[in-house]
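The values are calculated or read from the model by the stated rules, or taken from the named source; none is laboratory data. Please read all numbers here as calculations on a predicted model, not as lab measurements. Ideal geometry is used to build each Cβ from the backbone, glycine not excepted, and the neighbour counts take in all protein chains shown.
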Ligand code: SF4
Ligand code: SF4
Ligand code: SF4
């Protein structure tokens, strides 16, 4: 079991994530998804990785993968400013509440999502939401794209510094394109 | 178990059934399951949502048991049941804290004044105890009657605790129902405690315009002897103030407080000062400004004896709920205790309120004389930071994910901006400093980065006046006052402390009624505008459109929920007496009141929330509260929003998710504001009221999200609801989403949508 970066708030029990050291491998898993969803939190509009906004990575990943976007908190405003209309707007706990229902129609009304990626949500809230999905949504797989280990996800990035995180996301985008 | 004749007789005696101030409703002194059907109805729409904090249960020696996914424990409980059990436990802890607080005050005051001491809340408060009236069916007249309230709560707590035992309750819904029941009792306990202290210590009541008191660590005159009361129980501090006055030295000392005792101190004496919320406890105590620390109960750090030693402050613990392993000197003479503290430097426990107050007043000027108070200067801070190796261990334990290591490194180079920003977001847990292998005194360093400005806070005013309810009842129910926003609870804030003032002001300037209490009321005073004014300077303290008022400490929260009950009673003329279900139904469907607990951390806050929810008041929480592991959420598109039209006695599918959630976490300030505005919408709104509410919702949504709300179609019943300023774009938008007019109804109620003994006519007056 990998230790999360934050030693408080995000400790978990005995079922823990697979840490994906290789961004290409994570990209491969994502590409297999039928109806991927990318859930974006407020850090997307705040974090800059070597001149590129986290939000731009999010948009690039969603576009490349054909993933639907759910904007939580106040991310919708940032997305609209970037010329992207999100497929849905919920707060984090609301989208998670929908996702745990296997019969939900999904944000595009095409059926519930099978692979949900999270980026930019506060680590404590994010890990709690992932716990809900770990326990109550066995029908879907979750992945986090933030720079820390999220034990309650199915797939998580390792604990990374910003420069390595940027490298990871760049490689992942490459992987999604190839 | 249905109530037998003996029990019925006991209830009749307790509530003086023969008094006919109102007819006795269906549920006098309800037991654990008497309102269960109401809870189940609530949870049909607002289903429990669980986010387990841990996969295991370790409650008994059958376990540990792994409850991941659909696994059950050795006793048969599943993960949902276990989360429900946690919820019940939290509610019980919170309710017990308020209940035992109330019990202490009442026992003390009955010893002092006798049980026949009359309740008198002044000429403007006739409905003195809406919770006791509604829940129990008792109109309390004396301290002895208040004790009946506490006894009723105590009985409920035993039952509740028993259900958490291994091999008892197993269903998540039943745990929730019990948790809601205990939450309801919590409001009774708080009401009892606040009425007791108001009449016992002669706090202001029946007065809206209470004074302003000094707020912030910068407000304290460090050159004077300083006593700091930490906790929630006003008894000892008020006795101490009396002794200081008697000795003629009250104006030569500073009586300060952290957390709710501070609220009560300023209600007792306008010379007292509020340091700030709980999140500044460690910070302040480490400054050493307090010559004497007096701890009482609730939200007091467990390591105060060490903190006091470190800072050279004297310490008197005054509650047997927090004894710290100190010598109990209650039996000794006052002068002997004073000697022990002054000459031997002893930290002591004094369980006698009068003795503790007297000792404190005697000790304070003497201990202060022997102490030097020096704050950490910028130069000193820079020196203290030199040991930092930027290992980032501090960052990894910070519950607010703050970049402390960079802030400390900056201080090393004489740069303080980053540390100022860390301090503004710091929730005062002390973990960073504890983790540092280089022993960098991070929290002391914050002294050089913190603002030492002086702020102010409106003195808590206790109950809302009946005359105010008479004035605002109609506009609240019709929707023309867009809502009551109650900003309450603790200081586990996700971002800067100033966000509380910003949220409060956003609604005050839009003419909502903004009511505050507890640590949130303190935080709200800690922001000044360009003219140096806080929201307490800027907004009138009335329970009216655009008012910003502070009811007082945590236990005064009962007056906020009590105000909603009074709207049902004074404005809508519904009887309160033992009529909980009808009153809760009225509030849920017709009173646009919403709570915000932005920095919720305690079990008390959890219990208060549960009490609000059972009463039909939705609560919005900050992100830390995801760790409470439970919410009550609806799913707007999927759920059934059918209610009864009470007048026509017809079921109507309103298709309107109002209020959308009962208990919801939001991540950012902006999202919280939008959610609060949305949760004020009620099916009962008139077209004019709905226009006003939607006007604010749309304008806030546009401000923070950059577009029209994407759920607007849910709240427009017909074109009369559309705010004029947005008419054109709203109509265009509604066309694109295929909106159709929705049925209108005049008297929405849940009664009649589930099995209940309440006739529909009971909600029509
Ligand atoms: S209470 Fe039940 S689930 Fe918990 S440890 Fe005991 S047997 Fe296991
Ligand atoms: S833990 Fe101590 S040494 Fe390490 S970065 Fe934080 S302050 Fe510096
Ligand atoms: S004391 Fe403040 S800065 Fe330090 S870990 Fe706690 S919240 Fe973070």
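Looking at the stretch B:404-422, can you tell me whether even one residue there is away from chain A (no Cβ under 14 Å) and near ligand 3 (Cβ under 8 Å from one of its atoms)? Taking every residue of the stretch B:404-422 in turn, at least one turns out to be away from chain A (no Cβ under 14 Å) and near ligand 3 (Cβ under 8 Å from one of its atoms). Those helices (runs of 4 or more DSSP H) of the stretch A:14-111 in which at least 2 residues are within 14 Å of another protein chain (Cβ to nearest Cβ) and in contact with a strand residue (DSSP E or B) (Cβ under 8 Å, 6 or more places away or on another chain), considering only elements entirely within it, cover A:75-81, A:92-99. Of the strands (runs of 3 or more DSSP E) that lie entirely inside the stretch B:570-650, those containing 3 or more residues that are buried (at least 22 other Cβ atoms within 10 Å of the Cβ) span B:593-597, B:619-621, B:630-633. A single entry from B:116, B:39 fulfils the requirement of being under 24 Å from residue B:193 (Cβ atoms), more than 16 Å from ligand 1 (Cβ to nearest atom) and away from every other protein chain (no Cβ under 14 Å): B:116.
When you check residue B:107 against the structure, is it within 14 Å of another protein chain (Cβ to nearest Cβ) and either crowded, with 20+ Cβ neighbours inside 10 Å or more than 16 Å from ligand 2 (Cβ to nearest atom) (or both), yes or no?
So residue B:107 does not fit the description; no.
Taking every residue in the stretch B:59-83 that is at the interface with chain A (Cβ under 9 Å from one of its Cβ atoms) and within 20 Å of residue A:153 (Cβ to Cβ) and pairing it with any residue that is near ligand 1 (Cβ under 7 Å from one of its atoms) and in a helix (DSSP H, G or I), at least 6 positions away or on another chain, the pairs with Cβ-Cβ distances below 7 Å are B:67/B:82.
For the stretch B:402-423, a residue qualifies if it is away from ligand 2 (no atom under 13 Å from the Cβ) and within 22 Å of residue A:120 (Cα to Cα), and exactly one does: B:421. The criterion of being in contact (Cβ under 8 Å) with a residue 24 or more places away in the chain and surrounded by fewer than 18 Cβ atoms within 10 Å (Cβ to Cβ) holds for residue B:159. Scanning the stretch B:42-87 for residues that are closer than 30 Å to residue B:660 by Cβ, near ligand 1 (Cβ under 8 Å from one of its atoms) and assigned to a loop (DSSP other than H, G, I, E, B) yields one hit, B:67. Does residue B:694 satisfy the criteria of being more than 29 Å from the chain's Cα centre (by Cα) and either outside any helix (DSSP H, G or I) or surrounded by 18 or more Cβ atoms within 10 Å (Cβ to Cβ) (or both)? Here the answer is no, as residue B:694 does not meet what is asked.
Can you find a residue in the stretch B:674-687 that is part of a helix (DSSP H, G or I) and surrounded by fewer than 20 Cβ atoms within 10 Å (Cβ to Cβ)?
Scanning the stretch B:674-687, I find at least one residue that is part of a helix (DSSP H, G or I) and surrounded by fewer than 20 Cβ atoms within 10 Å (Cβ to Cβ), so the answer is yes.
Yes or no, residue by residue, for (1) in contact with a helix residue (DSSP H, G or I) (Cβ under 6 Å, 6 or more places away or on another chain); (2) at pLDDT 95 or above:
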| site | (1), (2) |
| --- | --- |
| B:190 | yes, yes |
| B:196 | yes, yes |
| B:209 | no, no |
| B:221 | no, yes |
| B:228 | no, yes |
| B:240 | yes, yes |
| B:246 | no, yes |
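Looking across the stretch B:373-401, the residues that are under 37 Å from the mean Cα position of the chain (by Cα) and more than 11 Å from ligand 2 (Cβ to nearest atom) come down to B:373, B:374, B:375, B:376, B:377, B:378, B:381, B:399, B:400, B:401. Filtering the stretch A:122-151 to residues that are assigned to a loop (DSSP other than H, G, I, E, B) and more than 9 Å from chain B (Cβ to nearest Cβ) leaves A:137, A:139, A:140, A:145, A:146, A:147, A:148, A:149, A:150, A:151.
Of B:502, B:506, all but one fail to be in the same structural domain as residue B:695 (by TED's automatic domain parsing), within 29 Å of residue B:298 (Cα to Cα) and surrounded by fewer than 24 Cβ atoms within 10 Å (Cβ to Cβ); the exception is B:502. Residues that are without any contact (Cβ under 8 Å) to a residue 40 or more places away in the chain and more than 14 Å from every other protein chain (Cβ to nearest Cβ): does the stretch B:700-715 have at least one? Among the residues of the stretch B:700-715, not one is without any contact (Cβ under 8 Å) to a residue 40 or more places away in the chain and more than 14 Å from every other protein chain (Cβ to nearest Cβ), which makes the answer no. Residue-level check: of (1) in contact with a helix residue (DSSP H, G or I) (Cβ under 8 Å, 6 or more places away or on another chain); (2) away from ligand 3 (no atom under 16 Å from the Cβ), residue B:393 misses just (2). Checking the stated criteria, residue B:22 turns out not to satisfy the condition of being at positive phi, outside the structural domain of residue B:750 (by TED's automatic domain parsing) and more than 16 Å from ligand 3 (Cβ to nearest atom). Taking (1) under 25 Å from residue B:252 (Cβ atoms); (2) in contact with a strand residue (DSSP E or B) (Cβ under 9 Å, 6 or more places away or on another chain) in turn, residue B:288 satisfies each apart from (2).
None of B:256, B:198, B:223 is under 22 Å from residue B:548 (Cβ atoms), away from chain A (no Cβ under 14 Å) and away from ligand 2 (no atom under 16 Å from the Cβ) except B:198.
Within the stretch B:477-504, the set of residues being assigned to a helix (DSSP H, G or I) and either within 22 Å of the chain's Cα centre (by Cα) or on the phi > 0 side of the Ramachandran plot (or both) comprises B:499, B:500, B:501, B:502, B:503, B:504. Is it true that residue B:434 is within 13 Å of ligand 2 (Cβ to nearest atom) and in contact (Cβ under 8 Å) with a residue 12 or more places away in the chain? The answer is yes for residue B:434. The single residue among B:309, B:332, B:346 that is touching a helix residue (DSSP H, G or I) at 6+ places or on another chain (Cβ under 6 Å) and surrounded by fewer than 19 Cβ atoms within 10 Å (Cβ to Cβ) turns out to be B:346.
Selection of strands (runs of 3 or more DSSP E) fully inside the stretch B:209-300 by the criterion of at least 1 residues being touching a residue at least 12 places away in the same chain (Cβ under 8 Å) and within 16 Å of ligand 3 (Cβ to nearest atom) returns B:254-258, B:273-276.
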